[in-house]
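Please treat every number below as a calculation from the coordinates, not as lab data. Every value quoted in this text rests on a predicted model; they were computed, and no experiment measured them. Backbone-built Cβ (ideal geometry, glycine too); neighbour counts: all protein chains shown.
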Number of protein chains: 2
Amino acid sequence: MTKSDSKKRRVLGLDPGTAVTGYGIIDCEGQILVAVDYGCIRVPCSMPIFDRYLAIFENLSELIVTYAPDEVAIETQFVKKNPQSALKVGMARGVAIVAARKKEILIFEYSPSVAKRAVTGNGSASKQQVQGMVQRLLKLPKLPTPYDAADALALAICHSHQTKKIIL
Amino acid sequence: MTKSDSKKRRVLGLDPGTAVTGYGIIDCEGQILVAVDYGCIRVPCSMPIFDRYLAIFENLSELIVTYAPDEVAIETQFVKKNPQSALKVGMARGVAIVAARKKEILIFEYSPSVAKRAVTGNGSASKQQVQGMVQRLLKLPKLPTPYDAADALALAICHSHQTKKIIL
């Protein structure tokens, strides 16, 4: 698929985290959704702290070069409790955003409830329900694991349905 | 100064933030400290949100290429209250860390009280006291402004004094 092909879009869903960053890539053509790849970038805890963010950046940059997505769908992060956790999540999120914008890829943002509703019809769906519906919608031979990857695919599916909330 | 010159070190102090990222570059040779440059990267609020982080990344990367620091000193960020603020600060911090590690520059981390104590002798010094002592220690013709830049210079001075707390 190329960017000149206006009917098709390739979407990269991203669920960034310090230890695990879920990703899911789908091709969208009208109602037809095809999973291209999904998984997660795991950064070992044994790695020096600052190098973990570089590893996330480099792995994501490589993924973006490999799959050349047209758009990125990322989760709106609401962190209600622990500010130190928020700081860490923010660091991974900042790194992911720069990796995408460096390649001039548009980023769209969806709240977790919007992404859940897009795939299950229920904004409060469980992780298992999201996982099951992602499998069905993408006709995957098995449940997409881990949850971080399933969530990333859900974000990509959500974006394929609605592109109203354009952040950039 | 080159990295092969073992007596001299160039330190880049960084105080990352979403709107303003302070920086301060000093050359250290024994007790002699010389300010090379300082200031701040300001990202306009009018800029699309995700592009702000790319702007911080690109400006910092340019600064690193221009001044070729040997080491980076960054503030340990403690965010006690607002998790949403912590998320934003984390994003800027993650971006700054990747900009430095991408160039293989070692990063050292100091708490605000350690940095304040290093320049004023008092871990609870005010921003004005830090600013005044940074001016004296670096023999600057005027007070370093804004506070973000003075804080960044204080971090660089702190690192020149003590390199015990090696994070990486």
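Given charges of +1 on the Cβ of Lys and Arg and -1 on the Cβ of Asp and Glu, with all other atoms neutral, how large is the dipole of the protein assembly as shown about its Cα centre, in debye to the nearest 20? Please list the in-between numbers first.
Values: 44 positive and 30 negative charges, 165 e Å.
That gives a dipole near 800 debye.
Within 10 Å of each Cβ of A:126-138, how many other protein chain Cβ atoms are there on average? Don't skip to the end; give the middle numbers.
Numbers: counts 0, 0, 0, 0, 0, 0, 0, 0, 0, 0, 0, 0, 0.
Whole-number average of other-chain Cβ neighbours for A:126-138 is 0.
Connecting C-alpha atoms closer than 10 Å in a GNM of chain B, tell me which of B:Arg52, B:Arg101, B:Arg117 has the biggest fluctuation.
For chain B, modelled as a Gaussian network with Cα springs under 10 Å, the answer is B:Arg101.
Choose one answer from A:Val11, A:Val20, A:Val79: the residue with the largest mean-square fluctuation in a GNM of chain A with alpha-carbon springs under 10 Å.
Result for chain A, Cα springs under 10 Å: A:Val79 fluctuates most.
What's the Kirkwood radius of the protein assembly as shown in Å, using all Cα pairs?
Details: mean 1/r = 0.0476 Å⁻¹.
One decimal place: 21.0 Å for the Kirkwood radius.
What is the Rg over Rh value, at two decimals, for region B:3-161, using alpha-carbon atoms and the Kirkwood definition of Rh?
Numbers: Rg = 14.9 Å, Rh = 15.6 Å.
Over the Cα atoms of region B:3-161, Rg/Rh equals 0.95.
At 7 angstrom along the Cα-to-beta-carbon line, where would the label on A:Gln31 sit relative to the other copies? Give the distances in nm, shortest first.
Inter-copy label distances (nm, one decimal, shortest first): 8.1.
Pairs A:Lys103/A:Lys127; A:Lys88/B:Lys102; A:Lys116/A:Lys139; A:Lys8/A:Lys103; B:Lys7/B:Lys127: which exceed 21 Å Cα-Cα? Can you show the working numbers first?
Numbers: A:Lys103/A:Lys127 31 Å; A:Lys88/B:Lys102 19 Å; A:Lys116/A:Lys139 18 Å; A:Lys8/A:Lys103 19 Å; B:Lys7/B:Lys127 31 Å.
The pairs that break the limit, which is 21 Å between Cα atoms, are A:Lys103/A:Lys127; B:Lys7/B:Lys127.
At 1.002 mPa s and 20 °C, plugging the Kirkwood radius over alpha-carbon pairs of region B:47-119 into Stokes-Einstein gives what diffusion coefficient in µm²/s?
Values: Rh = 13.5 Å.
For these conditions, the coefficient is 159 µm²/s.
List the GluC sites (Glu not before Pro) in region A:64-168 that DSSP assigns to loop (not H, G, I, E or B) and whose Cβ has at most 10 other Cβ atoms within 10 Å. Which are they? Please report the intermediate quantities before stating the final value.
Working: sites: A:Glu71, A:Glu75, A:Glu104, A:Glu109; in loops: A:Glu104.
In loop regions of region A:64-168 (DSSP not H, G, I, E or B), the sparsely surrounded GluC sites (Glu not before Pro) are A:Glu104.
If you put a point 7 Å past Cα along the Cβ direction, how far is that point for A:Gln84 from the same point in each other copy, in nm, smallest first?
Listed shortest first, these distances are 2.4 nm.
Going by the rotation axis that takes chain B to chain A, pick out the residue of B with the closest C-beta and quote the gap in whole Å.
Nearest-to-axis residue on chain B, with distance in whole Å, is B:Gly90, 1.
Using only Cα atoms, what is the ratio of the radius of gyration of region B:111-152 to 2.2 N^0.38 Å?
On the way: Rg = 9.2 Å, N = 42, 2.2 N^0.38 = 9.1 Å.
That works out to 1.01 for region B:111-152.
Placing a label point 7 Å from Cα toward Cβ, how far apart in nm is B:Lys127 from its equivalents in the other copies, listed shortest first to one decimal?
Copy-to-copy label distances at B:Lys127, shortest first: 4.1 nm.
Compute a Gaussian network model of chain B, connecting alpha carbons closer than 10 Å, and tell me which residue from B:Asp51, B:Asp27, B:Asp15 fluctuates the most.
Comparing B:Asp51, B:Asp27, B:Asp15 in a Gaussian network model of chain B, the most mobile one is B:Asp51.
Taking a ≥ b ≥ c as the square roots of the eigenvalues of the Cα gyration tensor of region A:78-141, is the shape rounded (a/c under 1.5), prolate (a/b larger than b/c) or oblate?
Values: a/c = 2.44, a/b = 1.40, b/c = 1.74.
Because a/c hits 1.5 or more and a/b fails to exceed b/c, region A:78-141 counts as oblate.
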